[in-house]
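Colleague: Got a structure here, written out as structure tokens. Questions coming.
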Amino acid sequence: MATDVVTMDKIVSLCKRRGFVFPSSEIYGGLGSSYDYGHYGVLLKNNVKAQWWRAMLQERDDIVALDSAIIQHPTTWRASGHLAGFTDPLIDCRTCKLRFRADKLGEEQCGRKPSVHPGEHEACSLTAARDFNLMFETTVGPVKEEGATVYLRPETAQGIFLNFKNYLQFSRKKPPFGIAQIGKSFRNEITTGNFIFRTREFEQMEMEFFVPPADAERWFEHWLEQRMNWYLELGIRPDHLHLRAHDQDELSHYSSATSDIEYLFPIGWQELEGIANRGDFDLRQHAEHSGQKLEYVDTADPSARYLPYVIEPAAGADRATLAFLVDAYDEDEIGGERRTVLRLHPLLSPVKVAVLPLVRKDGQPELAGEVYRELRHRVQAEYDDGGAIGRRYRRQDEIGTPWAVTIDHQSLEDRTVTLRDRDSLAQDRVAIDELAGEIEARLRAPWRSPKLG
Ligand code: GAP
């Protein structure tokens with residue numbers, strides 16, 4: 001019987017055991033909320049990002065790509081409003097010496113008495129709330145002096161606005177069109193925890209879609225639908241995903257409307273991605289601070305000039321990776337033995353196919369090696385000939401490998417192999433010559449989470 005009992009602890013433990021994600025700097029005792037992606041984590045997150053690029057670039061012709069610098073001119077952050085407004089209200093506890101977000105006091109725990117929230121702890125003497133800027137500051141050049149202060153970007157979006165003019169000139173695009181970027185962002189978050197859900201260094205997948213102001217609302221709706229479908233097509237169960245419109249008092253300083261795509265994590269419903277109507281806030285601010293004209297001017301009709309409005313789907317690559325892991329996690333029983341299995345969409349699975357000789361003799365490893373070398377040209381494949389076949393299947397199930405090819409004594413006689421399916425456990429006999437084509441066909445076929453029953 002499949003279960004749906006997923007806890008964050010189970011995910012963390014699987015990630016460590018199977019080399020997806022490790023706590024960072026572990027040999028020095030770790031660094032709070034910093035994580036390193038191991039081999040399978042890199043492959044998984046790469047697949048998440050590749051699917052995002054596919055949806056943004058390959059399957060459309062109105063979006064172009066960018067990879068901008070992490071450290072940008074410091075005026076960027078004055079213009080964007082981050083220097084003045086990207087703050088959290090902070091409260092210090094004089095008793096336990098911890099620092100809390102004033103708006104999250106009820107969710108956090110006192111350092112002295114973890115069973116109570118700081119607001120409820122009578123010995124907990126709290127300071128008044130102070131605003132704390134979330135941007136990491138550093139200096140450029142060898143001398144720490146006035147004017148050398150720069151910031152690690154807290155969102156990738158601003159790099160897109162700074163390049164808007166370049167794109168108008170070189171890409172021959174006119175609104176509606178978008179610029180997409182994936183890259184690291186940094187925030188000195190006060191409330192961290194929950195594994196890779198909220199960290200100080202994380203990767204964002206952001207796209208700024210520039211539109212004529214009158215069309216902004218229509219495009220906002222378009223992107224809500226597109227982004228919801230992206231998660232659903234990659235196998236997230238519909239009852240674990242919903243849209244939540246921000247209340248007026250929740251909106252960021254730049255936004256006139258925002259809806260979050262939320263996922264039902266083991267810690268409850270939480271933001272996975274925000275889709276915002278940023279209006280012309282950013283282009284207007286950068287035009288003002290830089291003295292440059294950032295309007296779009298229609299070449300056919302120069303009287304038609306305007307600052308485009310921006311619709312922004314902003315997703316987190318790490319948070320999406322966590323959501324896919326949580327949604328895929330399953331436990332069941334085969335032949336009286338429990339197994340953990342990641343029922344990932346095959347396009348996201350770190351390894352698509354494992355090649356396993358049944359025994360390490362009788363020419364089976366040699367034939368398996370031949371099959372493996374052929375398959376790895378086409379898809380991410382793995383060869384494993386160590387240990388009992390059942391154990392090797394379990395290992396592949398735990399990393400979410402959708403198919404396993406087993407080479408047995410019959411394979412040497414008729415050049416066929418068994419192709420085992422992770423979810424249905426069906427074992428089909430397939431000719432070696434047809435194997436790569438068969439796997440690629442399965443990879444392209446529509447997929448539905450087996451957890452939906
Ligand atoms: N440019 C708009 C923007 O940055 P955001 O809602 O602050 O909006 C977008 O961030 C997405 O980035 C979030 O939905 C989340 O997936 C991810 N994200 C933000 N802060 C994060 C953090 N500290 N750790 C991991 N992911 C984060």
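The values are calculated or read from the model by the stated rules, or taken from the named source; none is laboratory data. Quick caveat, the model's predicted, so the values are computed rather than measured. Note that we place each Cβ from the backbone using ideal geometry, even for glycine, and neighbour counts take in every protein chain shown.
Colleague: Which one is surrounded by the most Cβ atoms within 10 Å (Cβ to Cβ) among residues in the range 318-343 that are touching a residue at least 12 places away in the same chain (Cβ under 8 Å) and of a type in the set (Lys, Arg)?
Modeller: As a first pass, look at the range 318-343 and keep what is touching a residue at least 12 places away in the same chain (Cβ under 8 Å): 318-334, 337, 339-343.
Next, only the ones that are of a type in the set (Lys, Arg) stay: 319, 339, 343.
Numbers: Arg319: 25, Arg339: 15, Arg343: 22.
Per the criteria, the residue is Arg319.
Colleague: Scanning the range 204-225 for residues that are part of a helix (DSSP H, G or I) and surrounded by 15 or more Cβ atoms within 10 Å (Cβ to Cβ), which turns out farthest from the ligand (Cβ to nearest atom)? I'd like the intermediate steps shown before the answer.
Modeller: Of the residues in the range 204-225, the ones part of a helix (DSSP H, G or I) are 213-225.
Retained after the next criterion (residues that are surrounded by 15 or more Cβ atoms within 10 Å (Cβ to Cβ)): 215-217, 219-220, 222-224.
Working: Asp215: 21, Ala216: 16, Glu217: 19, Trp219: 16, Phe220: 14, His222: 18, Trp223: 13, Leu224: 14 Å.
The extreme case among them is Asp215.
Colleague: Could you tell me whether any residue of the range 413-431 is under 24 Å from Phe20 (Cα atoms), modelled with pLDDT under 95 and surrounded by fewer than 20 Cβ atoms within 10 Å (Cβ to Cβ)?
Modeller: The answer is no; no qualifying residue exists.
Colleague: Of all residues being within 14 Å of the ligand (Cβ to nearest atom) and within 20 Å of Glu59 (Cα to Cα) in the range 229-273, which is surrounded by the fewest Cβ atoms within 10 Å (Cβ to Cβ)? Just the residue, please.
Modeller: Trp230
Colleague: In the range 171-192, how many residues are away from the ligand (no atom under 11 Å from the Cβ), small (Gly, Ala, Ser) and not in a loop (DSSP other than H, G, I, E, B)?
Modeller: 3
Colleague: Okay, moving on. In the range 307-320, is there at least one residue being over 24 Å from Thr87 (Cβ atoms), in contact with a Lys or Arg (Cβ under 9 Å, 6 or more places away or on another chain), within 16 Å of the ligand (Cβ to nearest atom) and aromatic (Phe, Trp, Tyr)?
Modeller: yes
Colleague: Restricting attention to the range 231-241, and to residues there that are in contact with an Asp or Glu (Cβ under 9 Å, 6 or more places away or on another chain) and part of a helix (DSSP H, G or I), which single residue is nearest to Arg448 (Cα to Cα)?
Modeller: If we take residues in the range 231-241 being in contact with an Asp or Glu (Cβ under 9 Å, 6 or more places away or on another chain) and part of a helix (DSSP H, G or I), then Tyr231 is nearest to Arg448 (Cα to Cα).
Colleague: Within the range 23-82, can you find the residues that are crowded, with 17+ Cβ neighbours inside 10 Å, of a type in the set (A, V, I, L, M) and part of a helix (DSSP H, G or I)?
Modeller: Scanning the range 23-82 gives Leu43, Leu44, Val48, Ala55, Met56, Ala79.
Colleague: Residues that are within 16 Å of the ligand (Cβ to nearest atom), over 16 Å from Ile63 (Cα atoms) and assigned to a loop (DSSP other than H, G, I, E, B): does the range 136-146 have at least one? First the steps, then the outcome.
Modeller: Just the residues of the range 136-146 that are within 16 Å of the ligand (Cβ to nearest atom), to begin with: 136.
Okay, now just the ones that are also over 16 Å from Ile63 (Cα atoms), so 136.
Narrowing the set further to residues that are assigned to a loop (DSSP other than H, G, I, E, B) leaves 136.
Yes, that holds for at least one residue.
Colleague: Could you tell me whether Ile196 is of a type in the set (A, V, I, L, M), within 16 Å of the ligand (Cβ to nearest atom) and more than 22 Å from Ala276 (Cβ to Cβ)? Give the derivation first.
Modeller: Numbers: of a type in the set (A, V, I, L, M): yes; within 16 Å of the ligand (Cβ to nearest atom): yes; more than 22 Å from Ala276 (Cβ to Cβ): yes.
For Ile196, the condition - of a type in the set (A, V, I, L, M), within 16 Å of the ligand (Cβ to nearest atom) and more than 22 Å from Ala276 (Cβ to Cβ) - is met.
Colleague: How many residues are of a type in the set (Lys, Arg) and within 14 Å of the ligand (Cβ to nearest atom) when one looks only at the range 274-305? Let's see the steps before the verdict.
Modeller: So the first thing to find is which residues in the range 274-305 are of a type in the set (Lys, Arg), and the list is 278, 284, 293, 305.
Narrowing further to those that are within 14 Å of the ligand (Cβ to nearest atom): 278.
Total meeting the criteria: 1.
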